[in-house]
Amino acid sequence: MERRTLFPGRALPAFLVLPQLAITALFFLFPAWRAFVESVRAVNGFGLNARFVGLANFAALLGSGTYRATVLRTLLYCTAVTALAMAGGLVLAVFADREIKGRAIYRALLILPYAIAPAIASVIFVFLLQPEIGLLTGVLKQAGIDWNYVLHGGQALGLVILVGAWKQVAYNFIFYLAGLQSIPRTLIEAAALDGARGWYRFRTMLWPLLLPTTLFLLVVNTVYAAFDTFALIFALTGGGPGTATETMVVKVYRDGIINLDLGGSAAQSVILMALIVALTVLQFRYAGGRERT
Amino acid sequence: MKRRPDYLAHGVLGLGAALFALPVWVAFAGATETAGAINRGDLSLLPRLAGLRSFIDVLGYGASADAGVTIGHMLLVSFAMALVIALGKIAISALSAFAIAFFRFPFRMIAFWAILLTLMLPVEVRIIPTYAVMSEFHLINSFTGLTMPLIASATATLLFRQVFLAVPDELVEAARLDGAGPMRFFLDMLLPVSAPNLAALFVILFVYGWNQYLWPLLAVTNGRLNPIVLGIVRMITTDQITPWNLVMAGTIWAILPPVVVVLLMQRWFVRGLTEADK
């Protein structure tokens, strides 16, 4: 859609987009370009004498068992977080859409985690589950579970999945609730008159109507789990123990900033960019029908 | 129809609310406990009244890793950072959306797509080269470096563009008949009619700015510009013995501003979010 009424002039609009374009070029496009350049070069141990190595950095990455394990771990992480967060958001939204007392309070409490920083969510969960002093640690120990996520990789991975989902349920809840509320009441009442209730009504009526929301959220949650959980994982486990909770974004940081492997980290950046471009295109396709009026 | 309480709904929602609110409550109760009691593992779920002063004490407390920088100072940094990021994003996005929606100029669509590309380049995927650019421009450890790179916003530009495209032609023509130039129209008509969107966007962007972690981690290496989120995480990872009551008091301070903003402006925010992200 375009406007019919316009203002004349060329210099003014160019001047108005300039600040945004300048920041975009300097801090987004230029670094992205540099990542491409770095990804085909290798630097010696002193950070001098970079030379062109073609796709060697990529070949080294794809040939390394650690990187492949990281990719698989990221896949597992994204699937688990997305499934948990979306199912949680959907169930809560379906019940919050009913006319019950105190639903304003329930809603307020349920969207609370949206406002909490991912890194701070991790701090709270460290407090709850820290191996020595955590409140829940005591409960788990009494139940006979040897809880120590600092030592046991599987527990650490489970924990970052749970906290990742905990943080994201609020977002899905908001979208599912908005989706449910946009369904015309008359439609729901008509279905009720026909005797459609409970699970049957959900399965045959609400779920199909929520499908566009579900597809949209599927992409958004995957992007969230893959890219926006760096702070959460890094603050909670730092990627450890070992590499037990190292997802792809955590590995880029560890390899680039901590291990100073610039070429390898740049090649990983390029792979991540390809991934997020693909996901964003998907997102626009699914949201497109609704946005482009 | 007879009504009895919907026990199932209360059960599910109550369980959900507990799952999301209880951890925060435990953090609050922990803040009022003594550090010794927490380290022995005796944490009560009931806050100690006498312990409420941790919330004041913590403002003057500084983690030893960031010599001399207190939690109170970090809160101020966070406020400044979140405000500059939110207002900056709104300002430059509204201006560029105005240019793209209301003018025809060369490279208009290229500009639009360049802005959209930022959606696909979060900091997480370009950590090292962005850091390199920052240090070449001597922006490490500066407030400009902490905030300016985060001010570009594809989401806000898209939202404003959508709102501006929906403004009726009559309004624009009326303004022109009155002899209003483009900037007068922008300030006196376009911004006021977009007020609800501005409010919603402000909430989303304030929370976004306040909750940043990775960017400050890269852009700030001395404690002076640590925002609270980074400062709190440093408190649990660098200190030998963690003063848990103070960490939890700091945690509550760190979540309070975004939580208050979201709850107070809940209605606008929910509408803004569901419209902006689609």
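The values are calculated or read from the model by the stated rules, or taken from the named source; none is laboratory data. In this text, all values refer to a predicted model and were calculated from it rather than measured experimentally. Cβ coordinates were reconstructed from backbone atoms using ideal geometry, including for glycine residues, and neighbour counts include every protein chain displayed.
Quick notes on this structure:
- Yes/no for residue A:212 being touching a residue at least 12 places away in the same chain (Cβ under 8 Å) and not in a helix (DSSP H, G or I): no
- Index of the failed condition, residue B:52 passing every other in (1) in contact with a Ser or Thr (Cβ under 8 Å, 6 or more places away or on another chain); (2) closer than 18 Å to residue A:123 by Cβ: (2)
- Qualifying residue in region B:8-16 (condition: surrounded by fewer than 19 Cβ atoms within 10 Å (Cβ to Cβ), in a helix (DSSP H, G or I), free of Cβ contacts under 8 Å to residues at least 24 places away in the same chain and β-branched (Val, Ile, Thr)): yes
- Lone qualifier among A:187, A:193, A:215, A:209 - being more than 9 Å from chain B (Cβ to nearest Cβ) and in contact with a Phe, Trp or Tyr (Cβ under 8 Å, 6 or more places away or on another chain): A:215
- Among (1) hydrophobic (A, V, I, L, M, F, W, C); (2) surrounded by fewer than 16 Cβ atoms within 10 Å (Cβ to Cβ); (3) in a helix (DSSP H, G or I) - the single one residue B:241 does not satisfy: (3)
- Considering B:236, B:140, the condition of being aliphatic (A, V, I, L, M) and either assigned to a helix (DSSP H, G or I) or buried (at least 18 other Cβ atoms within 10 Å of the Cβ) (or both) is satisfied by B:236 alone.
- Test: residue in region A:81-103 that is out of contact with any helix residue (DSSP H, G or I) (no Cβ under 8 Å at 6 or more places or on another chain) and more than 9 Å from chain B (Cβ to nearest Cβ): yes
- Qualifying residue in region A:64-72 (condition: basic (Lys, Arg) and either in a strand (DSSP E or B) or facing chain B (nearest Cβ under 10 Å) (or both)): no
- Remark: residue B:78 matches the filter, which requires a residue to be closer than 30 Å to residue B:256 by Cβ, in contact with a Pro (Cβ under 7 Å, 6 or more places away or on another chain), modelled with pLDDT of 85 or more and not aliphatic (A, V, I, L, M).
- Within region A:135-145, the presence of a residue that is more than 7 Å from every other protein chain (Cβ to nearest Cβ) and buried (at least 20 other Cβ atoms within 10 Å of the Cβ) is excluded.
- Enumeration of residues in region A:104-119 that are within 7 Å of chain B (Cβ to nearest Cβ) and free of Cβ contacts under 8 Å to residues at least 24 places away in the same chain: A:106, A:108, A:109, A:115
- Residues that are more than 10 Å from chain B (Cβ to nearest Cβ), surrounded by fewer than 21 Cβ atoms within 10 Å (Cβ to Cβ) and not aliphatic (A, V, I, L, M) within region A:218-253 comprise A:222, A:240, A:241, A:242, A:243, listed in sequence order.
- Some residue of region B:178-187 being in contact with a Lys or Arg (Cβ under 7 Å, 6 or more places away or on another chain) and either surrounded by fewer than 21 Cβ atoms within 10 Å (Cβ to Cβ) or more than 10 Å from chain A (Cβ to nearest Cβ) (or both): no
- Of all residues making up region B:20-32, the number that are over 16 Å from residue A:123 (Cβ atoms) and either in contact with a strand residue (DSSP E or B) (Cβ under 8 Å, 6 or more places away or on another chain) or more than 7 Å from chain A (Cβ to nearest Cβ) (or both): 1
- The requirement of being out of contact with any helix residue (DSSP H, G or I) (no Cβ under 6 Å at 6 or more places or on another chain), closer than 30 Å to residue B:145 by Cα, free of Cβ contacts under 8 Å to residues at least 40 places away in the same chain and more than 9 Å from every other protein chain (Cβ to nearest Cβ) is fulfilled somewhere in region B:41-60, by at least one residue.
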